[in-house]
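Note sheet for the following structure.
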Amino acid sequence: MTVKIQEVITPGNEGAFTVGKENTGKSLQDLDPTYLQLLETGVTASLATTSADGRPQLTPVWVNHDATYVNLNSVRGRLKDRNLRARPEVTLMVVNPKNPYHWMTIWGTIEHVIDEDNAQDGHLATENIDALAQIYLNTTPYPFRDPKGGEVRVLYQVRPTRIQTFGQP
């Protein structure tokens, strides 16, 4: 895996708001820790998918990572789920809530879709939503399951292809 990592030049510098340093990484671990923390500390990301009619669909999502993939989790059958299965190219934007001039945009492709009811790997979807609940709600297991049952959680693993970073915390 290779990821193009681009640093956007901050205001007050020559060439502001254009791409400055550019390099290639082998995993998310090649990111500066100030950007990796955006995926580790409960910052809600904006996920862009493409709807069946070709229009963009944006939704807030919880994210985490495993050094290779950015992990997302949803419920089977939702619009986001249908979009991700049919058109796996996505864009995520993560903005530091304490400083909107510290952000990261990730372009990537959904490489794995793991349904919770999959006998072999389904436990990964359950473990992921519980891990996300720990990060975002400081509780586990995930407390907002559909009380009527029948909800199937889905883990989507996004392989980044390009990452742009901007600013410092």
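Worth pointing out:
- When the range 30-45 is filtered for residues that are touching a residue at least 60 places away in the same chain (Cβ under 8 Å) and of a type in the set (Gly, Ala, Ser), only Gly42 remains.
- Meets criteria (within 24 Å of Pro169 (Cβ to Cβ), of a type in the set (Ser, Thr, Tyr) and out of contact with any Cys (no Cβ under 6 Å at 6 or more places or on another chain)) for Thr10: yes
- Cβ-Cβ distances below 8 Å connect the following pairs, each with a first residue in the range 46-73 that is free of Cβ contacts under 8 Å to residues at least 12 places away in the same chain, a second residue that is crowded, with 21+ Cβ neighbours inside 10 Å and assigned to a strand (DSSP E or B), and a separation of six or more residues or different chains: Pro56/Thr49.
- Residues in the range 105-130 that are buried (at least 18 other Cβ atoms within 10 Å of the Cβ) and either touching a residue at least 60 places away in the same chain (Cβ under 8 Å) or more than 17 Å from Val75 (Cβ to Cβ) (or both): Thr105, Ile106, Gly108, Asn128.
- Verdict on Val63 being under 15 Å from the mean Cα position of the chain (by Cα) and of a type in the set (Val, Ile, Thr): yes
- Residue within the range 17-28 that is assigned to a helix (DSSP H, G or I) and either in contact (Cβ under 8 Å) with a residue 24 or more places away in the chain or surrounded by 14 or more Cβ atoms within 10 Å (Cβ to Cβ) (or both) present: yes
- Residue tally, condition without any contact (Cβ under 8 Å) to a residue 60 or more places away in the chain and not in a loop (DSSP other than H, G, I, E, B), over the range 75-104: 11
Only the coordinates and a few stated rules stand behind these numbers; no lab work does. Since the model is a prediction, treat every value here as computed from it, not as a measurement. For neighbour counting, all protein chains shown are included, and Cβ atoms are generated from backbone atoms with ideal geometry for every residue, glycine included.
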